[in-house]
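No lab work stands behind these numbers, since they all come straight from the coordinates. The structure displayed is predicted, hence computed values, not measured ones. Here the Cβ positions follow ideal geometry from the backbone for every residue, glycine too, while neighbour counts run over all protein chains shown.
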Amino acid sequence: MLENKKIRLATEDDSGFILKIYAPYINNTAITFECIVPTITKFRERMANIQSTYPWLVCEINNNIVGYAYASRFREKEAYKWSVEFSVYITPEYHRRNIGKALYFALYELLKLQGFYNAYAGVTLPNIKSEGLHESFGFKAIGVYHNVGYKLGSWHDVKLYELKIQEHIQLPEKPKSINDISNTNEFKAIIEKAAQIIKIG
């Protein structure tokens, strides 16, 4: 059966499907340090807050959401506003299909178009798949928080990564919101190119 693959911006209607992907990571792993699955109302509010500025992307295979990734503010103080944090979650049966790479490619290019400069990510150790994804994409390891989180009966380290989105300049302009660029030809080209990265079959 020929597979239809697509990367697009998430909508409010996607929230239930996205939470269904995320919930097992909360309940069964230390990949996320969140410990209680949020209600759908709270999760929709979280998505809306992020989407007011940053891209939240989903990957569809045959019209089913099988993964998602988003950027969010790195830290709250004003001077951090040119920096973002990356997050990605894929349905386990769709691992090794380059979905993470496709989503990260789209995030990276969209954030560059918006005017961001730095991306960061934290990976709970051990997580060979996530470490490999970040390193293959160009993220550089910059340190480890040792025993920084306690979940599922154990203390966990978090490995920190950084990625330069574009060359730093003096007097950078305030980044645009994702809504400012979502109807541009550049946006459409990035999304279409990202989908081609996904492996089919």
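Values as computed for the structure displayed
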quantity	calculated
Nitroxide proxy distance, nm - points 7 Å out along Cα→Cβ at residue 186 and residue 28	4.1
Per principal axis, descending, Cα span of the range 5-193 in whole Å	46, 39, 31
Computed [θ] at 222 nm, helices only, for the chain once each DSSP H run of length n ≥ 4 contributes -39500 (n - 2.57)	-10000 deg cm²/dmol
Cα-centre dipole for the range 65-201 with unit charges at Cβ (Lys and Arg positive, Asp and Glu negative), debye to 20	180
For the chain, built as a Gaussian network whose Cα springs stay under 10 Å, the top-fluctuating residue of 34, 131, 109	34
Charge dipole (the chain, unit charges on Cβ, about Cα centre) - positive-most of 136, 83, 179	136
Residue 169 paired with residue 64, simple spin-label distance in nm, labels 7 Å along Cα-to-beta-carbon	4.5
Residues 95, 156, sorted so that the one with the fewest Cβ neighbours within 10 Å comes first	95, 156
At least 30 Å along the helix axis (C-alpha) and Kyte average at least 1.0, DSSP helices within the chain	none
Within a Gaussian network of the chain (alpha carbon springs, distance under 10 Å), most fluctuating of 21, 65, 169	169
Rounded to whole Å, sorted largest first: equivalent-ellipsoid semi-axes of the range 72-127, Cα gyration tensor	24, 15, 7
Rg to Rh, two decimals, where the range 1-102 supplies the alpha carbon set and Rh follows Kirkwood	0.97
Sparse-neighbour loop sites [trypsin sites (Lys or Arg not before Pro); the range 86-146; at most 15 other C-beta within 10 Å; DSSP]	96
Cβ-based net charge around residue 34, under 13 Å, with every Lys or Arg adding one and every Asp or Glu removing one	+3
